[in-house]
1. Suppose we flag trypsin sites (Lys or Arg not before Pro) only when DSSP calls them loop and at most 12 other Cβ atoms lie within 10 Å. Which is the longest uninterrupted stretch of the chain?
2. Loop by DSSP (not H, G, I, E, B), at most 11 other beta-carbon atoms within 10 Å: where is the longest site-free stretch of the chain for GluC sites (Glu not before Pro)?
3. What full-extension length gain, to one decimal in nm, is calculated for ASN46 and ARG24 as 0.36 nm per residue of separation minus the Cα-Cα distance?
4. Would you mind getting the Kirkwood hydrodynamic radius of the chain from its Cα pairs, rounded to one decimal in Å?
5. Quick one: which residues, 5+ away or cross-chain, put their amide H under 5 Å from the amide H of ALA15? H built at 1.01 Å from N.
6. Carbon-plus-sulfur fraction of the accessible area of the stretch 57-200, 1.4 Å probe, in percent?
7. What whole-number value in cubic angstrom gives the convex hull volume per residue for the C-alpha atoms of the stretch 11-108?
8. Full-extension gain between ILE140 and LEU182, please, as 0.36 nm times their residue separation minus the C-alpha to C-alpha distance.
Amino acid sequence: MNKPLVTVITPFHNAGEFVAKTIRSVQAQAFSNWEMILVDDCSTDNSVEIIEKFLHDDNRIKLIRLEKNSGPAVARNTAIEAAQGRYIAFCDSDDIWLPDKLDKQIAALQSSDAAVCFTSYYKMLVNGERTDRIVAARPIVTCKMILRSNYIGCSTAMYDTSKCGKVFMPDVRKRQDYGLWLRILTQGFFAIGISEPLVY
């Protein structure tokens, strides 16, 4: 398989309890050609200290620190601006990827005309325990469908900049990921879903 670069975008604010597990799940990917851009939205806990330890051991991991608390849309857009990858993937700082996620999504995007790929995912308890509850991905999401509801889980999703270019999230405090999918799919693109849960 062709090995294009994937940029993984992770905004965080006071994520010290979870972020190390999130980073390790990205490091455990079978697909290894990635960069991970973590954006600190002015945390007051030990999040930055935890992440700095990863920076010394893995040069694929990068940290950007915002000067003022600006919300997840600004944090994600800052990372999108800095992204070098063809594929832009999102992983929130309290979510976990399963090891085959990137491999399977890239294969799906390279074998279709879709601009976005997303997956089913498991629900997880706050202590990190995975539950049996699965939120199932629809096989396809079109512009008409996304106008009705957001069927795309943010931490499961990636988009292909070679098809739709770099697209940024609207600067709103909530549901900015929904705004991103609206911006992409209303350009005439569609999204494909992988039925296997690859995130929790």
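1. On the way: sites that count: LYS68, ARG148, LYS166, ARG173, LYS174.
Within the chain, the longest run free of exposed trypsin sites (Lys or Arg not before Pro) spans 69-147.
2. Working: sites that count: GLU67, GLU129.
The longest such stretch corresponds to 130-200.
3. Gain in length upon complete extension: 6.2 nm.
4. Computed over Cα pairs of the chain, the Kirkwood hydrodynamic radius comes out at 16.8 Å.
5. SER47
6. 48 percent
7. Convex hull volume per residue, Cα atoms: 93 Å³.
8. 13.7 nm
The values are calculated or read from the model by the stated rules, or taken from the named source; none is laboratory data. Model, not experiment: these values are computed from the prediction. Here the Cβ is made from the backbone with ideal geometry for all residues, glycine too, and neighbour counts use every protein chain on show. Protein only, heavy atoms only, side chains kept; ligands, DNA and RNA dropped before computing areas. Shrake-Rupley method; radii C 1.70, N 1.55, O 1.52, S 1.80 Å.
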